[in-house]
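> The structure's right below; bear with me while I get my questions together.
Nothing in this text is a laboratory measurement; each read-out follows from the coordinates by a stated rule. Not measured: the values here are computed from a predicted model. Glycine gets a Cβ as well: all are built from the backbone with ideal geometry, and neighbour counts include every protein chain shown.
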Amino acid sequence: MAKTDKKLTDDPVVLRILGLLEKKRKKELDLSRYLKISSGSVSKWKYDGSVVYLKYIEEICDFLDTTPNYLFLGSDDEERISMSEKKLLKMYRKLDDDRKQCINDTIRFMTKR
């Protein structure tokens, strides 16, 4: 693989994306495929300061199981709600009371030790 002399961006959002990719042992190529964009697009974020990633923030958060709050502000408290959890909450709220009770009972059963 050829070494590049390009300077890595100082964009904190991109740096957090790259950090999460590394932490979760995922590759930039995996992200580009998930977003259905070229790998060159991710490279532009990384080196050229492109902020086109902004239109993919929700999908990036889904892929990395994080929140826009973390990507933009760097806050990572234990009480944060990931995008996938927000989607579950939206679905839960659409259920009638009987179905909500069934979900609650199932979760209580599954978390008993």
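> Taking Kirkwood radius over Cα pairs in Å as the quantity of interest, determine which of [x] 14.4; [y] 13.9; [z] 16.3 was computed from the displayed structure.
Only one listed value fits the structure, namely [z].
> Between L8 and S82, what's the calculated FRET efficiency when r is the beta-carbon distance and R0 is 22 Å? Round to 0.05.
Numbers: r = 26 Å, r/R0 = 1.20.
After rounding to 0.05, the efficiency reads 0.25.
> What distance in nm separates the simple spin-label points at K36 and D97, each placed 7 Å from Cα in the Cβ direction?
4.2 nm
> Same structure, new question: Compute the acute angle (0 to 90°) between the alpha-carbon long axis of helix 12-23 and the principal axis of greatest extent of the alpha-carbon atoms of the chain; round to the nearest 10°.
So the helix axis and the longest Cα principal axis differ by about 70 degrees.
> Rounded to the nearest 0.05, what FRET efficiency do K112 and K24 give with R0 = 25 Å and r taken as the Cβ-Cβ distance? Could you check?
Working: r = 29 Å, r/R0 = 1.17.
Efficiency, rounded to the nearest 0.05: 0.30.
> Starting from the Cα of L54, move 7 Å in the Cα-to-Cβ direction to define the label point; list residues of region 5-42 whose amide nitrogen is under 19 Å from there.
9-18, 41-42
> What's the angle, to the nearest 10 degrees (0 to 90), between helix 83-94's Cα axis and the longest principal axis of the chain?
Helix 83-94 sits at roughly 30 degrees to that axis.
> A 30 angstrom limit on the alpha carbon distance is what I want to check against. Which of K7/K90; K44/K94; K23/K86; K44/K90; K26/K112 exceed it?
Numbers: K7/K90 41 Å; K44/K94 40 Å; K23/K86 22 Å; K44/K90 34 Å; K26/K112 32 Å.
Table pairs above 30 Å Cα-Cα are K7/K90; K44/K94; K44/K90; K26/K112.
> Right, another one. Ordered by packing density, taken as the mean number of other Cβ atoms within 10 Å over each peptide's residues, highest first, how do 54-61, 100-107, 24-31 rank? Walk me through the numbers on the way to the answer.
On the way: 54-61: 16.1, 100-107: 11.4, 24-31: 13.9.
Per-residue Cβ counts within 10 Å, averaged per peptide and sorted highest first, yield 54-61, 24-31, 100-107.
> Helix 97-111 versus the longest principal axis of the chain: what is the Cα-based angle in degrees, 0 to 90, to the nearest 10?
70 degrees
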